[in-house]
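Reviewing the structure listed below.
Just so it is clear, none of the values below were taken in a lab; they were calculated from the coordinates. Note that the structure is predicted; figures quoted are calculated from it, not measured. Virtual Cβ from ideal backbone geometry, glycine too; neighbours counted across all protein chains shown.
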Ligand SMILES: C[S@@+](CC[C@H](N)C(=O)[O-])C[C@H]1O[C@@H](n2cnc3c(N)ncnc32)[C@H](O)[C@@H]1O
């Protein structure tokens, strides 16, 4: 099973290694999550049409419904049950669709190592023991790299770390103490808008990018206090217009 990072939205993000793996693949598996991200499915289809020169099949499975109504006490059990049903479904799909020596692939958004569950799912299927397979992970250009390139910034300062986190965690916990450079993904709550930005130690620049690498790319950079309202407004407008938004941003604390 190949898990192939296809980049963050620009067809030119695809690496030569990814193209080579795609041309060793018999069956491309896709998961229909029932969401409205037709543009993303479109990019995958376009990449196959442009780069795969040998016969292949595309097989789509429907992601099992997850019980999101479960109260907090039942949450872990609900997620565990859903993951188990998902592993069982994918195991059957692999067993049914791939011959003994067949090669399958998942094309994953960005890089497989960053906020993507595919490698974990395949681990889970392997652990069930029903089908035996090897996994090859092919790195891709993540939204984080696309953001840095679009703004022409270096993510770390000299000899310093940076942290990648989620919007939910930033909203719940605030900026992590001792970290001056924070990349935020998966923000469904405008977490940047609530970051304290007025104290002497808490002035931030924000480098924000939506639909990075696509013709719809939008970038905003500035002092967080000055641009956060504009970004919140843009997010709402773009989401309403397109039906979905994918954005990533770097928060950079002013040098003390
Ligand atoms: C489920 S994660 C997948 C990350 C992906 N594996 C990667 O390496 O970029 C989805 C999040 O990635 C970010 N993202 C992915 N593609 C993006 C794009 N083209 N522009 C901006 N953000 C993007 C957003 O923060 C989004 O909420």
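Between 0 and 90 degrees, the angle of helix 38-51 with respect to the longest Cα principal axis of the chain falls at about 60 degrees. Computed over Cα pairs, the Kirkwood radius of the range 2-138 leads via Stokes-Einstein (0.692 mPa s, 37 °C) to a diffusion coefficient of 206 µm² per second. With angles folded into 0 to 90 degrees, how steeply does helix 72-97 sit against the dominant principal axis of the chain? Use alpha carbons for both and round to 10. On a 0 to 90 degree scale, this one is about 40.
The alpha carbon gyration tensor of the chain gives principal lengths a ≥ b ≥ c with a/c of 1.5 or higher and a/b greater than b/c, which makes the shape prolate. Among 169-180, 137-148, sorting by the average number of other beta carbon atoms lying within 10 angstrom of each residue, highest first, gives 137-148, 169-180. At full extension, residue 219 and residue 242 could sit 6.6 nm farther apart than now, given 0.36 nm per residue minus the alpha carbon distance. Footprinting exposure proxy ranking of 109, 208, 244, fewest other C-beta atoms within 10 angstrom first, gives 244, 109, 208. Pairs of alpha carbons in the range 170-256 separated by more than 17 Å make up 44% of all such pairs. A Förster distance of 22 Å, applied to the separation of the beta-carbon atoms of residue 133 and residue 12, puts the FRET efficiency at 0.15. The range 138-217 and the range 11-32 have their alpha-carbon centroids 28 Å apart. Modelled label positions at residue 255 and residue 66, each set 7 Å beyond Cα in the direction of Cβ, lie 4.2 nm from each other.
Against the main long axis of the alpha-carbon atoms of the chain, helix 224-242 sits at an angle near 30°.
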